[in-house]
Amino acid sequence: MTLLLAALIAAACANKPADTPKDLLMRQLLTLAEEGKIAYGHQDDPPYGHSWKVEDWETDPLDRSDVKDVTGYYPLVMGFDLGDIEHGASENLDGVPFGLIRKAALQHIERGGIVTLSWHPDNILTGGDAWDVSSDQVVKSVLPGGEKHTEFMEWLRRGADFVESLGNVAVIFRPWHENTGSWFWWGAKLCTTQEFIELFRMTWVYFVKDRGLTNLVWCYSPDGWASDIEGYMERYPGDEFVDLLGLDTYAYTEYESKESAVRFTECLKTDLASLNAVSVEHRKPICLSETGLEGIPDPKWWTEVLYPAVKDFPITYLLTWRNAWDKPGHFYAAWKGFENEADFKAFAELDQIVFLGE
Ligand code: BMA
């Protein structure tokens, strides 16, 4: 794998008149993997934490972080979600102002960090949210010829407007994630393989070709849990449309015992082995785009469950989900005072795991 990564880095550097922000971000990712490092990422790190929230983002320095409170470092990767941008809203689905996201993202990139954007857009056909799976006609309805196509292109326009507003910086974009599960309207049982692929490609063509947003690193991130290569590839949009191969694999919330911990570690290893094989064949870097254990009810989750699962794979980063300020049990990173703090710190101190500025 190291040879492959070295070759990919060389290819990324070759015959380029100048490095674009996307070239630099791709190289940053490839270099992490080549050096055998795994960057740590956290969703919604600056807007809020377990029991706090930024009140006035325009004046706030946005320098607080649950992760930094415990480890002394910011996550190298920060994730944000665009849900509700499709309506032209000023805040996303979790109440985070888009102005804050823009400011925090640019600040993080400026200091050498990596930003990844996900998007949970509402269900345009039913009026429900992204998790409304009551109709299996939604994807069909937004494709060319579908009754919601024109309206949906306006939704994409608003998403693209936000990306454009970031300026000449590169970010990872991870639309239509966890599509091999069936809990979002674009999930496996809610559309055909062909419809899903068309949705992904239509999004890519609109952003890249129609809007000229060439600084996005496109991440494909199906859901894991003992996924095999065929399962991973079934809805793959194609090499031209994907730069980074991701995977979302969570430990179950019902996690209670040592057996479930072992089961998670083994499943994740299986998932990552498949992902690694796809990576070698398709010559693209990989990441664990979302993972975690809600509420972390295991004092050794980081060093004895998650780390053993990832340590033998060249994933560029792993990202744990958000620490909600308004839902006390909904957190995926340790915070100051939480009982699992010491283990998170020990994980952060491992040579292989890197944070910003380490
Ligand atoms: C989910 C939960 C929800 C949230 C959504 C989008 O996993 O955290 O509370 O609204 O992600 O961020």
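The values are calculated or read from the model by the stated rules, or taken from the named source; none is laboratory data. These figures come from a predicted structure and were not determined experimentally. Cβ placement follows ideal geometry from the backbone for every residue including glycine, while neighbour counts extend to all protein chains displayed. Keep in mind that these areas ignore ligands, DNA and RNA; they rest on the heavy atoms of the full protein, side chains included. Shrake-Rupley method; radii C 1.70, N 1.55, O 1.52, S 1.80 Å.
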* To do: Check whether at least one residue in the stretch 159-174 is open to solvent by less than 40 Å² (accessible area, probe 1.4 Å) and in contact with a Gly (Cβ under 8 Å, 6 or more places away or on another chain), and report yes or no.
  => yes
* Filter result for the condition that a residue is of a type in the set (D, E, K, R) and surrounded by 21 or more Cβ atoms within 10 Å (Cβ to Cβ), over 63, 84 -> 84
* To do: Identify all residues within the stretch 279-308 that are of a type outside the set (D, E, K, R) and within 18 Å of the chain's Cα centre (by Cα); write none if there are none.
  => 279, 285, 286, 287, 288, 289, 291, 292, 293, 306
* Taking the condition aromatic (Phe, Trp, Tyr) and within 16 Å of the ligand (Cβ to nearest atom), does residue 48 pass? -> yes
* Asked: When residues of the stretch 204-232 are filtered for being out of contact with any Leu (no Cβ under 6 Å at 6 or more places or on another chain) and assigned to a helix (DSSP H, G or I), how many remain?
  -> 9
* **Matching residues in the stretch 279-302 - criterion: being surrounded by fewer than 18 Cβ atoms within 10 Å (Cβ to Cβ) and touching a helix residue (DSSP H, G or I) at 6+ places or on another chain (Cβ under 7 Å)** => 280, 282, 283, 299, 300
* Tally time: how many residues in the stretch 112-127 are surrounded by 14 or more Cβ atoms within 10 Å (Cβ to Cβ) and either away from the ligand (no atom under 16 Å from the Cβ) or not in a loop (DSSP other than H, G, I, E, B) (or both)? -> 9
* Structure fact -> For the stretch 67-91 the number of residues that are touching a Lys or Arg at 6+ places or on another chain (Cβ under 7 Å) and either within 16 Å of the ligand (Cβ to nearest atom) or within 20 Å of residue 345 (Cα to Cα) (or both) is 6
* Asked: residue 109: in a helix (DSSP H, G or I), crowded, with 18+ Cβ neighbours inside 10 Å and not aromatic (Phe, Trp, Tyr), yes or no?
  -> yes
* **Residue in the stretch 128-139 that is more than 16 Å from the ligand (Cβ to nearest atom), over 23 Å from residue 54 (Cβ atoms) and not in a loop (DSSP other than H, G, I, E, B) present** => yes
* **the stretch 233-267, subset aliphatic (A, V, I, L, M) and in a loop (DSSP other than H, G, I, E, B), residue surrounded by the most Cβ atoms within 10 Å (Cβ to Cβ)** => 247
* To do: Scan the stretch 41-56 and give yes if some residue there is modelled with pLDDT under 95 and surrounded by 13 or more Cβ atoms within 10 Å (Cβ to Cβ), otherwise no.
  => yes
* To do: For residues that are crowded, with 21+ Cβ neighbours inside 10 Å and more than 16 Å from the ligand (Cβ to nearest atom), tally how many sit in the stretch 319-342.
  => 2
* Please state which one of 140, 103, 148, 68 is out of contact with any Ser or Thr (no Cβ under 9 Å at 6 or more places or on another chain), in contact (Cβ under 8 Å) with a residue 24 or more places away in the chain and open to solvent by 30 Å² or more (accessible area, probe 1.4 Å). => 103
